[in-house]
1. For a test of the definition: using alpha carbon positions, the gyration tensor, and the 1.5 limit on a/c, classify the stretch 46-146 as rounded, prolate or oblate.
2. Run through the DSSP bridge list for the stretch 131-294 and note the antiparallel percent, rounded to the nearest 5.
3. Quick one: order SER111, SER204 by neighbouring beta-carbon count within 10 Å, fewest to most.
4. In whole angstrom, how far apart do the alpha carbon centroids of the stretch 280-294 and the stretch 184-240 sit?
5. If I take every Cα pair under 8 Å that is 6 or more residues apart in the chain, average their sequence separation and divide by the length, what percent do I get for the relative contact order?
6. Note the count of lysine pairs whose C-alpha atoms are less than 14 angstrom apart in the chain, limited to pairs 8 or more residues apart or on different chains.
7. Quick one: which residues, 5+ away or cross-chain, put their amide H under 5 Å from the amide H of PHE195? H built at 1.01 Å from N.
8. Got a sec? How would TYR209, TYR263 order by Cβ neighbour count within 10 Å, fewest to most?
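FYI, it's all coordinate maths here, none of it is from the lab. Since we're looking at a predicted model, the values are computed, not measured. Glycine gets a Cβ as well: all are built from the backbone with ideal geometry, and neighbour counts include every protein chain shown.
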Amino acid sequence: MKKVTLFFAGCLLFSVASARDVNESLDAAAKGHVTIFNLAGSVNVVGWSRKVVEVTGSLGDDVEEFVFDRDGNEIEIKVKVPERHWGRSDITSELMIHVPQGSSIEIATISADIEVEGVQGEQELQSVSGEIVTRSFAAEIVAESVSGDIDVQGDGKDTEAELVSVSGDITAKNLAGSIAAESVSGDVVVAGGSFDRAQVETVSGEITYKAALRKDGRLHVESINGRVNIDFVGDVSARFEIDTFNGNIDNCFGPQAKKTSRYAPGLELNFTEGAGEGRVVISTFNGDLTICKK
């Protein structure tokens with residue numbers, strides 16, 4: 001899946017229009033693609049059974065133009081604002097958008113929150129300072145935010161999820177299949193579901209993994225400065241490779257950690273649980289680590 005592009009070509013014009021409400025609709029393909037750009041305010045997208053894309057809400061006072069066009073199976077929704085008005089409250093637009101539930105969507109905002117529910121196609125969601133909240137089904141999802149939190153709720157079916165935030169928290173619940181979750185200074189929580197591949201990383205946040213690891217599954221966890229809590233749901237069969245430079249390792253599977261050197265504070269722990277089909281690699285620089293199972 002290609003990355004979301006925050007700045008769409010031609011999104012800036014230089015005259016001013018009056019504020020107005022929006023209530024427009026277009027016929028749409030059952031599994032078409034909908035692209036949405038809104039600089040500031042909010043974007044709420046709901047999947048429904050109708051083959052129609054409907055947009056309601058309000059535009060900011062200084063919004064230049066509202067674009068709502070269809071080209072084949074693709075529909076574009078775009079709020080255009082003058083460049084000199086970026087960062088001002090008079091460009092704030094609140095959009096409620098209904099799309100066919102089988103649609104794929106691509107949403108980009110700067111300071112607008114994004115909320116999605118009932119959309120079963122692929123999702124590409126990106127905001128600079130807004131929060132992202134979505135429900136994911138079996139389709140691939142990419143969600144990225146610089147300073148906003150990301151909250152993804154799955155239905156337990158396999159998908160591929162890529163979740164990235166610089167300073168916001170990431171919460172992923174009931175996803176399955178494959179996940180990559182990364183935050184620089186926020187906490188990351190992966191809870192529920194089961195995975196073939198899971199990669200969870202943070203620089204200065206806490207990591208919590210409370211999910212199942214499938215046979216032959218791979219779990220990679222890395223933290224520079226934060227606590228790591230691993231709590232497997234159900235049985236796990238894997239080879240464990242664990243190390244920390246400055247922190248304790250609490251392992252309820254039995255084997256105890258050993259010092260990596262008599263002159264340094266580091267600890268390491270290598271053991272096999274079950275038949276060892278999978279692999280678990282956990283590394284922390286400065287933080288305690290707990291590994292257990294429910």
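1. oblate
2. Counting DSSP beta bridges with both partners in the stretch 131-294, the antiparallel share is about 10 percent.
3. Least to most surrounded, the residues fall as SER204, SER111.
4. 8
5. Over the chain, the number comes to 11 percent.
6. 5
7. Those qualifying (amide H under 5 Å, at least 5 residues apart or on another chain) are GLY177, ALA212, LEU213, ARG214.
8. Going from sparsest to densest Cβ surroundings: TYR263, TYR209.
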